[in-house]
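Right, one structure below, let's go through it.
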Amino acid sequence: MRKRIEVLLLMAVMAVQVLAQRMVVSGLVIDDKTCEPIAQANVALGRTGIAVVTNDDGRFTLKADDMGETIVISHIGYQSQRLTPAQASASPLTIRLKPGSIQLHEIVVWTTDPRELVNIAISKIPQNYSRQAELYECFYRETAMKRQHFIYVAEGVVDMYKTSYDRNVGRDRVAIRKGRRLLSPKRNDTLTVKVMGGPVLPVELDIAKNLDFLLNPDDLACYAFSMEPPDVIDGRMQFVVAISPKLSMPWALYYGRLYIDRETLAFTRADLTLDMSSSEKATRYMLVSKPKGVRFKPKEMSCLIDYRYEDGVTRISYIRSTFRFNCDWKRRLFATSFTAFCEMVVTDRTQTDVRPISGRNSFDQRDAFYDKVDYFRDPHFWEDYNIIEPTETLDKAIDKLVKKHR
């Protein structure tokens, strides 16, 4: 789950059109009251498994061979919006989500012990998640910024193989199908620091599958648990359990929230932030390697793991990880701030004729995504694939980086 800090690139399409024999729906998702864009809203095409998420500007593009299914737009804390194919054909498309309302009498609190609730949710993992092997098509992106400027962008379509959730992650694999990258040509921009991350994130951070990451008895014993006000995800009520370190351990722990579906008791979301009270512990957790003479100062590590409920099965749908740190060199007066960011969204899935990804073809934790993909050249690189649209800021940064290379 380690990687070198790196950067990305992509092209945006904002209209309803036919592209390479595929139907395309694009639009903007905003808050109905404030009109502010809603980032990381889930946009799914019925029960097909085809989905994307909105970018930080609230924009999305969804591609499919057939738009005959209802398009469902959802986000935590909002009422879901459902669009028919006819409604989705409008251009430009603006979707307004209304804040979700929770009637307290609808929430039946049958336990006052949040730790017990977490334990019950763990016991129900085999029945709440997929009971068969599945192959997911995903879009992955990673970026790095020096201060406020992008210095690296890389992105790709990857295949992710997951075994049944009654097995561990030992045979789960990720393989790169297609990718590209762009790095600032300025020598002073580059910094060969490796931190955690990479396309293996959906394997390593899947808390419902990889219990060793968080939900094992030894780790859970280190945390204090408390109930927070309930929330709603895609019209389904959620218990919210907050966790915080209660013991001082030799390794860094997390602060965060676990969301548990009231009806199925499945984990539907985890929002975690690494405890930064000990810089030494946080550095050991985050940092893989750095050049000699560089001093690494961790500032933030956070991760978001999202799942989507569909036809009685809860599946992983989106993962986002953010690293913020400072680096300075001996004999230099000021430190330089860096931000490394990666995200992956599941855009499609296959349940029939699923074959494992061989270890030889899979992406390894020790691999750097940058070394596995090529420099961006083709402006129609993602024409046939569902992606996370680049934000306006990132789009401009990519254009500048491309011009510098030229």
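E343 passes all but one of (1) among the charged types (D, E, K, R); (2) open to solvent by 50 Å² or more (accessible area, probe 1.4 Å); (3) under 20 Å from the mean Cα position of the chain (by Cα); which number fails?
(2)
Please name all residue pairs, on different chains or six or more residues apart, with Cβ atoms under 8 Å, provided the first residue is in region 182-208 and is under 28 Å from K292 (Cβ atoms) and of a type in the set (G, A, S) and the second residue is at pLDDT 80 or above and in a helix (DSSP H, G or I).
Qualifying pairs under 8 Å: S184/L401; G198/F369.
Of the conditions (1) within 30 Å of D374 (Cβ to Cβ); (2) open to solvent by less than 10 Å² (accessible area, probe 1.4 Å), L117 satisfies every one except a single condition; which number is it?
Against the list (1) within 30 Å of D374 (Cβ to Cβ); (2) open to solvent by less than 10 Å² (accessible area, probe 1.4 Å), L117 comes up short only on (1).
So, of the residues in region 134-145 that are open to solvent by 30 Å² or more (accessible area, probe 1.4 Å) and out of contact with any Phe, Trp or Tyr (no Cβ under 6 Å at 6 or more places or on another chain), which turns out to be modelled with the highest pLDDT?
E137
If I ask for residues that are part of a loop (DSSP other than H, G, I, E, B), in contact (Cβ under 8 Å) with a residue 12 or more places away in the chain and open to solvent by 30 Å² or more (accessible area, probe 1.4 Å), which ones from region 222-266 would you list? Outline the logic, then answer.
Residues of region 222-266 that are part of a loop (DSSP other than H, G, I, E, B), as a first pass: 222, 234-235, 246-253, 262-266.
Those left that are additionally in contact (Cβ under 8 Å) with a residue 12 or more places away in the chain: 222, 234-235, 246-247, 249-253, 262-266.
Within region 222-266, D234, G235, K246, L247, M249, P250, W251, R262, E263 meet the criteria.
If you take the residues in region 159-195 that are among the hydrophobic types (A, V, I, L, M, F, W, C), at pLDDT below 90 and open to solvent by 10 Å² or more (accessible area, probe 1.4 Å), which one is nearest to the chain's Cα centre (by Cα)? Outline the logic, then answer.
Applying the first criterion (among the hydrophobic types (A, V, I, L, M, F, W, C)) to region 159-195 yields 160, 169, 174-176, 182-183, 191, 193, 195.
Next cut, at pLDDT below 90 only: 169, 182-183, 191, 193, 195.
Filter again for open to solvent by 10 Å² or more (accessible area, probe 1.4 Å), leaving 169, 183, 191.
Details: V169: 18, L183: 22, L191: 24 Å.
Per the stated criteria, the residue is V169.
Counting only residues that are touching a residue at least 60 places away in the same chain (Cβ under 8 Å), under 30 Å from G235 (Cα atoms) and not charged (D, E, K, R), how many does region 302-336 have?
We begin by selecting, within region 302-336, every residue touching a residue at least 60 places away in the same chain (Cβ under 8 Å); these are 303-311, 313-321, 323, 325, 327, 336.
Now restrict to residues that are under 30 Å from G235 (Cα atoms): 303-311, 313-321.
Next, only the ones that are not charged (D, E, K, R) stay: 303-305, 307, 309, 313-314, 316-319, 321.
Number of matching residues: 12.
Looking at D271, D218, which one is over 19 Å from P126 (Cβ atoms) and touching a Gly at 6+ places or on another chain (Cβ under 6 Å)?
Values: D218 fails: touching a Gly at 6+ places or on another chain (Cβ under 6 Å).
Only one candidate passes the filter, namely D271.
Which one of these is of a type outside the set (S, T, Y), touching a Ser or Thr at 6+ places or on another chain (Cβ under 6 Å) and open to solvent by 20 Å² or more (accessible area, probe 1.4 Å): R308, R269?
Values: R269 fails: touching a Ser or Thr at 6+ places or on another chain (Cβ under 6 Å).
Every option except R308 fails the conditions.
The values are calculated or read from the model by the stated rules, or taken from the named source; none is laboratory data. All values derive from a computational prediction rather than experimental measurement. Here Cβ is always computed from backbone atoms with ideal geometry, including for glycine, and neighbour counts include all displayed protein chains. Just the protein is used for accessible areas: all its heavy atoms, side chains included, with ligands, DNA and RNA removed. Shrake-Rupley method; radii C 1.70, N 1.55, O 1.52, S 1.80 Å.
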